[in-house]
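Below: the structure, in structure tokens.
The values are calculated or read from the model by the stated rules, or taken from the named source; none is laboratory data. Model, not experiment: these values are computed from the prediction. All Cβ positions, glycine included, derive from the backbone under ideal geometry; neighbour counts span all protein chains shown. For the accessible areas, the whole protein counts, side chains as well, though only heavy atoms, and no ligand, DNA or RNA atoms are used. Shrake-Rupley method; radii C 1.70, N 1.55, O 1.52, S 1.80 Å.
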Amino acid sequence: MNQHKPFQLVALDLDGTLFNSQSQVSDENKSAIRHFSAHGTSFVISTGRPYTGLPLDLMESLGIRYAITTNGAAVYKVPERECLFETCIPSDLAADILEELLTLNIHINLFLHGDAFAPAQCRKALLSIQSLPDSLKEYMLTTRTPIGDMPDFLRRQGEGVQKLTLNFPEGEDGTFPDRSKAMAILDRYPQVSYLCGGFNNLEFTMTGISKGKGLSLLCKHLDIPIDHAIACGDSENDLDIMKTAGLGVAMANAPEEIRNLADDVTLSNDEHGVAAMLEKWLG
């Protein structure tokens, strides 16, 4: 019998949380989600990825019907691709920021209405990033539509951008020299806010957008009290949702500062940490 608070919903990050270091979901994690889902718990994906980056076949097999995407900028019903909530960076603002960022040695992902794009000139920078796992490089290379002139593309199509993600090649000393330059550029635009989603990247959305806000909107939509939700993650972009939910759980592979701010810490993503968390708090 469950001796804990009657949690009704569990929001799971993907990379570094539900996915192991090979970007796969263990049988142990799958089994635990299916078990507790059959007993009435709702599961939601909470990710920095866009809709097209969701593991839709996996979600269908696990019965997961909702996703908080692009750090909370858009919330979808799956597999209908029904956008329930969306807050975008205006196209002209995104184009202005991009023009400055593209002067740096940088790889940029741009997410527009659930689809993913990248400036064609950034491919070389992505391939040179040593700290980024090959599985994530392959994911980016195969799921982004290359665009020749991204600022012009944005101004012509005139639609807002859900999120932009920046990845940086290492310098000879192992640091990321253009990361601080990118932060200085973003600091000049108070309309947007940025954080790290892992691997020393930067991710920015409209100010006020977060996974936590996405969870609040979704819980209201589903008529589930927010304090009856669990959020589990491993990166800076998971902190807000972990604080917003009734229980925030960090992965053992999360940075120390993330673990210190969580309500609880589970095993790592290579040790079926999601399954261990579910068994502890729902079992």
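Numbers for the structure displayed
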item	result
Subset of the range 179-226 that is in a helix (DSSP H, G or I) and hydroxyl-bearing (Ser, Thr, Tyr) - its residue that is least open to solvent (accessible area, probe 1.4 Å)	216
Filter result (closer than 20 Å to residue 142 by Cβ, of a type in the set (D, E, K, R) and free of Cβ contacts under 8 Å to residues at least 12 places away in the same chain) within the range 17-59	57
Residue selected from the range 236-251 under the condition assigned to a loop (DSSP other than H, G, I, E, B) and in contact with an Asp or Glu (Cβ under 7 Å, 6 or more places away or on another chain), by the criterion farthest from residue 11 (Cα to Cα)	251
Residue list for the range 132-154, restricted to those being in contact (Cβ under 8 Å) with a residue 40 or more places away in the chain and not β-branched (Val, Ile, Thr)	132, 133, 135, 136, 139, 150, 151, 152, 154
Residue check for residue 126: farther than 30 Å from residue 39 by Cα, in a helix (DSSP H, G or I), of a type outside the set (Gly, Ala, Ser) and open to solvent by 10 Å² or more (accessible area, probe 1.4 Å)	no
Boolean, residue 98 is open to solvent by 20 Å² or more (accessible area, probe 1.4 Å) and in contact with a Pro (Cβ under 7 Å, 6 or more places away or on another chain)	no
Count - residues of the range 140-178 that are in contact with a helix residue (DSSP H, G or I) (Cβ under 8 Å, 6 or more places away or on another chain), surrounded by fewer than 17 Cβ atoms within 10 Å (Cβ to Cβ) and assigned to a helix (DSSP H, G or I)	5
Residue that is farthest from residue 241 (Cα to Cα), among those in the range 62-82 that are outside any loop (DSSP other than H, G, I, E, B) and out of contact with any helix residue (DSSP H, G or I) (no Cβ under 8 Å at 6 or more places or on another chain)	82
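Conditions (1) in contact with a Leu (Cβ under 9 Å, 6 or more places away or on another chain); (2) open to solvent by 10 Å² or more (accessible area, probe 1.4 Å); (3) closer than 30 Å to residue 32 by Cβ, marked per residue:
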position	(1), (2), (3)
63	no, yes, yes
66	yes, yes, yes
74	yes, no, yes
84	yes, yes, yes
87	no, yes, no
102	no, yes, no
108	yes, no, no
121	yes, yes, no
